[in-house]
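Have a look at the structure below before the remarks.
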Amino acid sequence: MSGLAGIWAKHSYPELDFILDKMSSALSHRGPDGQKNIIDQNFALAFQQMRVTPEEAHETQPLMDPNGLYLAFDGRIDNRESLLNLCGLSQGLQISDAELVLHCYKKWDEEFASKLVGEYAFSLFDKKKQKLFLARDVVGIRPLYYYIDNKHLVFASEIKALLTHPQIPKEPSDEGLAEFMLSNTRQDTSITCFKNIFAVEPAHMLIFESNSFRKKQYWDFDTQKTISFSNFEEYSQAFFDLYKKSVKRRMRSSYPIAVTVSGGLDSSTIFALAQLEGKNAIFGISFYQKDNPRADETAFLLELEKKYVAPIHRIEVSALAGIVQDANKVLYQAEVPSLDYTWQLTQKIFEAAKNNGARTLISGHWGDQLLFPQAYLVDLAKKFSYLKVKKHLGEFNQWYIGDKTDFLNKVFIKSLLRSYTPTPLVSPLRKLSKLIRGSPRDFLIFTKNFRHWQHPILYPWEKMSFASEHARETYSEIRKKHTLMSLDWNNKISTYFQIDQSFPMLDRDILDFIMAIPGEMINWGGVPRALLRNAMKNILPSGITNRKWKGDMTYPASEGLDKDMPLIINQLSHNTEIARQGFVNAQRLTKLMKQVKVLSRTPGYTPPWGVTELYALELWLRQYFEEKK
């Protein structure tokens, strides 16, 4: 995963080379294979390179074309064969993905981004046309940010590179922080936690010319698309083929492939498919906790090791929980006020992958969110299939117990009522609901000025038309801001260890398929994740395909939080940045900390959810803005 940074100024620019060097240095962790700068009059471009695919083994970026094109490309193109053919190039041509992108631009001009499938972020400058393109892949796996004023455009893979520029103000964004900390905000994926620094949105291309700037959505999922097969087995086979292809795409590497393996359905599927692909050395990484049967998945790992005669590296997690250790490092790298409850475990996983020669780590994340849908029950209800709805909810009870089943029932009722509510009434009804329910006590710790950013509104996908409620649910999961922020967080943390982390479930073709099929097929017969279980029945041990529970890591996380709580309370008890900068009410914060300090001595006490979030915000503000005192 490489890094890029650049400047396009309207007029002569003093110390352009010096500023570019500083920006590039801030991204040095992304460039284990070296860096290169290009300056052409008022345009400057830097690239920190990490080579992963065989085709880029001898490539040095930024690329310069004789026709006056400059390209910095961080990513991987998955439809290479198709593009080579469409561009009239030989199928055996070993050009890099970046070179292929240049060919696409020459052929399709502004429409070229819509032809690309993969994970990428890039800048392309056309000197002759005096036009600059910034683009990001359809899902938003690779980040790209920019700052623009009447003097210049500045862009980079990470915000920390922009903040080295002497003419970019360093200020927190109230709106961006509200979207991160609070619910019911605008879900504007271009807004960051830094004032006037914006993210290029997924599936968008920004087009800058001398005196103009346009934002263009170059691709989106067809929300009216439907896919139908004759029976469940055909859906399973189609899903298997797509998932296998997705894993293969992410294994196009000159290095060993690391796979996180918990013993669950998603990670075990990836490990098995990677083993079957057989072109790379596969290094499985798992974790366990002594004396915690709720997190012990050893039996499933042993089944996998036996089936594929492949050892899986294990990390013991008991002493690796907590959020305080290395908190400032995490916040600086992630660029948002969010900490990892198991950071030390995260660090051990990436270090193990790197120490075994891997540059790619494949993860099963987002399987839970996308392969256990519930909105399809609303689709069934609208077809008057109430008995089937009852059957599915009843079957869920066989797989989940206690509060989980009650929660699923409530989600169904709420979703059903929402589906029958006319769109113009949704926002007013949410406002009325807020007035009736009031604000949660913990929420009131924020100042009124900060809370005003929270207001019940329609989310973008609620105004769109979908073939089904299931399609709407899938689309919203992909497009909601929390997903994008999670992707950004994962990207920045993994690149700190010079690892390219990838998620097969977020492959564009898989998402398109899941959105277009009847949601009922995913939980066929009411069995959660039945589509995945059936599709992988021949490559996974039966113990894994039939398992009914997930490993529970809440105990070690809670244990680590208990250990860290005295320090967290101390940090939040006096002279806080969150109060000084007007995000929280100082008196209410003091009162809360006194209560938590007393109650934390009680065995089994769980601190309010917001305490750790306030701690992360406090450290983040100190990290980036404390010098403003």
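The values are calculated or read from the model by the stated rules, or taken from the named source; none is laboratory data. None of the values given here were measured: they were computed from a predicted structure. Cβ atoms come from the backbone with ideal geometry, glycine included; neighbour counts cover every protein chain shown. With ligands, DNA and RNA removed, areas are computed over all heavy atoms of the protein, side chains included. Shrake-Rupley method; radii C 1.70, N 1.55, O 1.52, S 1.80 Å.
Which residues' amide hydrogens lie under 5 Å from the amide hydrogen of Val584, considering only partners 5 or more residues apart or on another chain, with H built in the peptide plane?
Thr447, Ala579
Quick check: pseudo-label points 7 Å beyond the Cα along Cα→Cβ at Tyr420 and Ser385, how many nm apart are they?
Going from the Tyr420 label point to the Ser385 one covers 1.9 nm.
Would you mind pulling out the separation of the Cα centroids of region 537-594 and region 362-395, in Å?
29 Å
Please report how many Lys pairs in region 260-385 have alpha carbons closer than 28 angstrom, counting only residues at least 8 apart along the chain or sitting on separate chains.
Within region 260-385, the lysine pair count is 14.
Which one of Leu69, Phe47, Ser24 is farthest out on the positive end of the charge dipole of region 1-131, using unit charges on Cβ (Lys, Arg +1; Asp, Glu -1) and the Cα centre as origin?
Value: Leu69.
Please work out the Kirkwood hydrodynamic radius for region 1-139, using every pair of different C-alpha atoms, and report it in angstroms with one decimal place.
Result for region 1-139 stands at 15.4 Å.
At what distance in nm do the modelled label points of Lys548 and Ile227 sit from each other, each positioned 7 Å from its Cα along Cα→Cβ?
For Lys548 paired with Ile227, the spin-label model returns 3.0 nm.
To the nearest 0.05, what FRET efficiency results for Ser318 and Glu277 with a Förster distance of 30 Å applied to their C-beta separation?
So the FRET efficiency works out to roughly 0.30.
Enumerate the whole-percent occupancy of each 5 Å bin, from 0 to the last occupied one, for all C-alpha pair distances of region 450-571.
All Cα pairs, binned at 5 Å, distribute as 2, 8, 10, 12, 15, 17, 16, 10, 6, 3, 1 percent.
How much FRET efficiency would the formula 1/(1 + (r/R0)^6) give for Lys106 and Asn409, where r is the Cβ-Cβ distance and R0 is 51 Å, rounded to 0.05?
For Lys106 and Asn409, the calculated efficiency is 0.35.
Over region 83-206, one equal point on each Cα, no solvent: what is log10 I(q)/I(0) by the Debye formula at q = 0.23 Å⁻¹?
For region 83-206, the Cα-only Debye profile gives -1.36.
Under a 1.4 angstrom probe, counting protein chains only, how are Glu55, Glu209 ranked by accessible area, largest first?
Glu209, Glu55
Regarding region 298-397, what is the average projected area of its C-alpha convex hull, in nm²?
Over all viewing directions, region 298-397 projects a mean Cα-hull area of 11.0 nm².
Give the Rg/Rh ratio for region 234-311, taking Rg as the radius of gyration of the Cα atoms and Rh as the Kirkwood radius, to two decimals.
Looking at region 234-311, the ratio lands at 1.01.
What residue among Val389, Ser267, Ser236 has its Cα farthest toward the positive end of the dipole of the chain, where the charges are +1 on Lys, Arg and -1 on Asp, Glu, each on the Cβ?
The listed residue farthest towards the positive side: Val389.
Quick one: of Lys195/Lys448; Lys244/Lys414; Lys10/Lys216; Lys448/Lys480; Lys170/Lys448, which pairs are farther than 28 Å apart, Cα to Cα?
Check vs 28 Å cut-off fails for Lys244/Lys414.
What is the spin-label model distance, in nm, from Leu182 to Asn85 if the labels are put 7 Å beyond Cα along the C-beta direction?
Taking the simple label geometry, Leu182 and Asn85 are separated by 5.2 nm.
Quick one: grab the alpha carbon gyration tensor of the chain, order the square roots of its eigenvalues as a ≥ b ≥ c, and give me rounded if a/c is under 1.5, else prolate or oblate depending on whether a/b is larger than b/c.
rounded
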